Amino acid sequence: MCKLLLITFLTVCCLNSSSANYSNNAFDKIHNTYFYAYIRVEGKFLSKKLKVKVDLGDSDEQIAEGEKLSEVLTNKKSYASILNYMSKIGYELVNTFDLTDNYNGSGGTSGIIYIMKKAEE
């Protein structure tokens, strides 16, 4: 009987301490809403500068903001500078995709697509 009480007491203590690890902030992070950005980056013909198209969504505000970001990011020379700029304004990289072209059997990467997210404020 004493062993059963000891095992029950230890089980309750372990369960109590494991549930204490989650703070309220951790639960808030689980329920965040995110805004996503689709960023298409391609090289310009005969230039080292990049052409950038940012898609934030369908609403008028999102389209306007996407066009502003596209203008700011176009003509940069580095893919990393685009990521750094987006990171400064609160976006986080989620995934990347290569843009590939195939011409007469030879293919290559012509650009990259970034999928980024930003927590709703």
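Only the coordinates and a few stated rules stand behind these numbers; no lab work does. In this text the structure is predicted, and so the values were computed from the model without any measurement. Ideal geometry is used to build each Cβ from the backbone, glycine not excepted, and the neighbour counts take in all protein chains shown.
FRET efficiency for the pair Ser81 and Asp60, taken as 1/(1 + (r/R0)^6) with r the Cβ-Cβ distance and R0 = 25 Å, rounds to 0.30. Summarising the amide proton neighbourhood of Gly111: residues at separation of 5 or more, or on other chains, whose placed amide H is nearer than 5 Å comprise Leu99.
For Lys76, the amide hydrogen comes within under 5 Å of the amide hydrogens of Leu50, counting only partners 5 or more places away or on other chains and with H modelled in the peptide plane.
Find how much the distance from Asn32 to Lys48 grows on full extension, using 0.36 nm per residue of separation minus their present alpha carbon separation; answer in nm with one decimal. Separation in residues times 0.36 nm, less the Cα-Cα distance, equals 1.9 nm.
The string of couplings for the range 87-99 from the Karplus curve (6.51, -1.76, 1.60, θ = phi - 60°) is 5, 4, 8, x, 8, 10, 6, 9, 7, 9, 9, 8, 9 Hz, one whole number per residue in order, with x for Gly and Pro. With θ taken as phi - 60° and the Karplus curve 6.51 cos²θ - 1.76 cosθ + 1.60 applied, the whole-hertz 3J(HN,Hα) list for the range 55-62 is 10, 9, x, 9, 6, 4, 5, 5 Hz, x standing for glycine and proline. Converting phi to 3J(HN,Hα) with the Karplus coefficients 6.51, -1.76 and 1.60 and the offset θ = phi - 60°, the range 66-73 yields x, 5, 4, 5, 4, 5, 5, 7 Hz in sequence order, with x at every glycine or proline.
Within the range 51-95, the ratio Rg/Rh, alpha carbon atoms throughout and Rh by Kirkwood, equals 0.96. A simple spin-label model places the labels of Glu121 and Val72 1.1 nm from each other, with each point 7 Å out along Cα-to-Cβ.
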